[in-house]
Amino acid sequence: QVQLVESGGGLVQPGGSLRLSCAVSGSRLRINALGWYRQAPGKQRELVATITNGGSTNYADSVKGRFTISRDNAKNTVYLEMNSLKPEDTAVYYCNVGGVYTTTWLKYDYWGQGTQVTVSS
């Protein structure tokens, strides 16, 4: 009964900006961490940014100073603000949520369907 709905991807020119969002729906879920990953054609999936329930954030070196991850707890939504985009940022971006089920206290880990971001001149 858990769903992750991503939106905000698209085509943008180098130097442009884009904002991705991922809404998490489900019952009896305690979210501990949210994150964004990306995968370019022929490449391995890589971490972009993460944010914990305590507000701590981590970024890949390649996006530091350009990307900002944030969350809206009331909406159970995580965002990724991307600025000064480069062609090498082109990839499918996936949101991820991790935590525990409050009924069993078992760990869970879910992924979104992915949204395409293309940076091209």
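Side notes on the structure shown:
- Taken over segment 19-37, the residue count meeting the criterion of being modelled with pLDDT of 95 or more and surrounded by 21 or more Cβ atoms within 10 Å (Cβ to Cβ) is 4.
- When Asp89 is tested against (1) modelled with pLDDT of 95 or more; (2) open to solvent by 40 Å² or more (accessible area, probe 1.4 Å), exactly one condition is not met: (2).
- Neighbours by Cβ (under 6 Å, 6+ apart or cross-chain): first from segment 2-13, open to solvent by 30 Å² or more (accessible area, probe 1.4 Å); second small (Gly, Ala, Ser): Val2/Gly26; Gln3/Ser25; Val5/Ala23; Ser7/Ser21; Gly8/Ser21; Gln13/Ser121
- Of all residues in segment 72-81, those satisfying the criterion of being open to solvent by 60 Å² or more (accessible area, probe 1.4 Å), over 16 Å from Gly10 (Cα atoms) and in contact (Cβ under 8 Å) with a residue 12 or more places away in the chain are Lys75, Asn76.
- Pick from segment 100-111, criterion closer than 24 Å to Gln44 by Cα and in contact (Cβ under 8 Å) with a residue 40 or more places away in the chain, ranking: least open to solvent (accessible area, probe 1.4 Å): Tyr108
- Of the residues making up segment 82-120, those that are in contact with an Asp or Glu (Cβ under 6 Å, 6 or more places away or on another chain) and farther than 18 Å from Gly8 by Cα number 1.
- Among the residues making up segment 112-121, those that are surrounded by 15 or more Cβ atoms within 10 Å (Cβ to Cβ), part of a strand (DSSP E or B) and not aliphatic (A, V, I, L, M) are Thr115, Thr118.
- Strands (runs of 3 or more DSSP E) (entirely within segment 1-89) containing at least 1 residues that are farther than 22 Å from Leu106 by Cα and in contact with a Ser or Thr (Cβ under 7 Å, 6 or more places away or on another chain): 3-7, 10-12, 18-25, 46-52, 57-59, 67-72, 77-82
The values are calculated or read from the model by the stated rules, or taken from the named source; none is laboratory data. Note that the structure is a prediction, hence the values are computed from the model and not measured. A quick note on method: Cβ atoms are made from the backbone with ideal geometry, for glycine too, and the neighbour counts reach across all protein chains shown. Calculation scope for accessible area: heavy atoms of the full protein, side chains included, ligands and nucleic acids excluded. Shrake-Rupley method; radii C 1.70, N 1.55, O 1.52, S 1.80 Å.
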